[in-house]
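Notes to accompany the following structure.
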Ligand SMILES: [Mn+2]
């Protein structure tokens, strides 16, 4: 049994920081200059991407990181304002360690490259280095293998140039920006990184950028805190959209030496939280449930919330739903409501959305009946004792409404199940 696996001897070992040869921060996709078209308060969102750089540097300082890797897409495009370039340079001025920046597909090394062509990006602080060439870079016991993007698209494996391991390489770290071929249906010209690139190129760690989510989950390892593997996306440092799952983090990577398995942890750097929720509104009780749920959301001042409402309700309930959300809205950084599927008449329901001909026919006849287009219940309609008929033998509109809610609600469940 080695000392490191014998619990009775662990107190004799030096702390992990002393054993660890290499410790660095992996980040990417800062996308400075992102527009946020269609969002409220876009200027504040744009500024926060700069402010978040300060938090990345703070993490590097707290962790005593040896260096920082920015794995591409530091900027949203190569055509950004002089002001923003100066601001970015200023934000990086206080870096506590070297910062290596890789050109990505948003800020590629094309003719108009920021990194090679813009005066505002000269006279950088000495700690900042742009990885403009696919050529090894040595930094204290580590060799970086940068794979910069030369254009917006490429069908070539960006890691293909990386040479075989030599003893003097020390810890080998690839830095690339592209789509890791571990998911189906990725575009062929999106800088494809082979699924086993880290193994094939004999890299101890492959720092990727391009996907905004931290991936794989850096909390999914056997101990529940550290991830296993050699290839990671850090994700963007500041969440940038509703669709991003687990973004707004940086990764802390520790490697004890060449060929050793990296120990990877994520730390949150995002200020903003983007969340989208879907609520079905039926009656007064469900409006209160919606109100409670939205009121109890954490950190409202830093939250961008998008609520999608659905259901068929009387106009008074729809109005009360809107009022409740208007009342809560000022607490949030922003609160968007999509209520196009919260309808007040059955006529607004679209039977054509249902997945089978039979369901569409049943729904169309129920809608016609409940909206007065026909005076009779559908032929063969037997709602059962629970739904009941009125004194004249007719099905009340409320009953038809509930039947349609059930029908559409069940369809939504089917739809959700199918997507998993
Ligand atoms: Mn990208």
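The table below lists the values:
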| quantity | calculated |
| --- | --- |
| Length-normalised contact order for segment 16-144 - Cα pairs under 8 Å, 6+ apart - percent | 26 percent |
| In nm, spacing of pseudo-spin labels at residue 276 and residue 58 (7 Å Cα→C-beta vector) | 3.0 nm |
| Rounded if a/c under 1.5, otherwise prolate or oblate - segment 253-372, Cα gyration tensor axes | oblate |
| Relative contact order (%) - criterion: Cα under 8 Å, at least six apart; region: segment 3-268 | 20 percent |
| Which of 340, 266, 310 has the fewest Cβ neighbours within 10 Å, and the rest in rising order | 340, 310, 266 |
| Separation of the residue 361 and residue 293 label points, Cα + 7 Å toward Cβ, nm | 3.5 nm |
| Mean Cα-pair separation over length for segment 134-284, i.e. relative contact order, pairs under 8 Å, 6 or more apart, % | 17 percent |
| Label-point gap, in nm, between residue 195 and residue 340 - each point 7 angstrom along Cα→Cβ | 3.7 nm |
| Cβ-Cβ FRET estimate between residue 322 and residue 242, R0 fixed at 25 Å, reported to 0.05 | 0.75 |
| Cα gyration tensor, segment 37-176 - rounded (a/c under 1.5), prolate or oblate | oblate |
| Gyration tensor verdict on segment 146-274 (Cα atoms; rounded if a/c is under 1.5, prolate if a/b is larger than b/c, oblate otherwise) | oblate |
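Taken together, the values in this text are just the output of simple stated rules run on the coordinates, not laboratory data. Just so it is clear, the structure is predicted and the values come from calculations on it, not from any experiment. Note that each Cβ is placed from the backbone with ideal geometry, even for glycine, and that neighbours are counted across all protein chains shown.
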